[in-house]
1. What tally of residues in segment 63-82 results from selecting those that are free of Cβ contacts under 8 Å to residues at least 40 places away in the same chain, closer than 20 Å to residue 112 by Cβ and either assigned to a loop (DSSP other than H, G, I, E, B) or open to solvent by 30 Å² or more (accessible area, probe 1.4 Å) (or both)?
2. Please enumerate the residues belonging to segment 93-128 that are within 17 Å of residue 26 (Cα to Cα) and surrounded by 16 or more Cβ atoms within 10 Å (Cβ to Cβ).
Amino acid sequence: MALSNNFLLLIVLLLPLFQFSIATDYIVGDTEGWISISTVFDYDGSISATSGVDYKDWVSKKSFHVGDTIEFQYEDLFDNVMQVTEEAFNQCNPTSPIATYTTGSDKIVLEKAEHYYFLCGFPGHCQAGQKLDILVKPAEAF
């Protein structure tokens with residue numbers, strides 16, 4: 001009995017030394033995925049419809065942490081994903097990416113607590129809003 005109590009006490013004392021984190025998997029754009037925003041104009045020049053994802057709005061409703069995974073789902077004939085610097089992101093400049101993804105289903109593990117910048121390198125797509133700025137926080141410990 002004493003051995004059992006000592007073992008239980010040891011576990012209780014050591015438990016705070018162990019940290020557990022739970023990673024989350026995100027699909028960028030949720031059900032719509034990674035697509036360019038398109039606008040349909042009427043004959044008089046007024047906007048009749050807009051489709052696509054507002055990625056600023058999408059990211060504002062999420063909380064990203066180290067270890068989380070983001071997945072870009074898209075039609076690889078019409079889009080791609082480029083990880084870029086902040087400057088390239090702000091200028092929609094895809095000429096010197098950090099990394100380029102082209103499979104149509106790209107999973108990226110967020111390994112560091114920092115900003116990650118992504119854009120579509122197809123002409124006009126970034127300017128139309130197909131870009132993503134993610135701030136990754138340290139992993140949450142439990």
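1. 0
2. Hits for segment 93-128 are 101, 104, 106, 108, 110, 116, 117, 118, 119.
The values are calculated or read from the model by the stated rules, or taken from the named source; none is laboratory data. Remember, it's a predicted structure, so these values are computed and weren't measured experimentally. Virtual Cβ from ideal backbone geometry, glycine too; neighbours counted across all protein chains shown. In case anyone asks, the SASA skips ligands and DNA or RNA and just uses the protein heavy atoms, side chains included. Shrake-Rupley method; radii C 1.70, N 1.55, O 1.52, S 1.80 Å.
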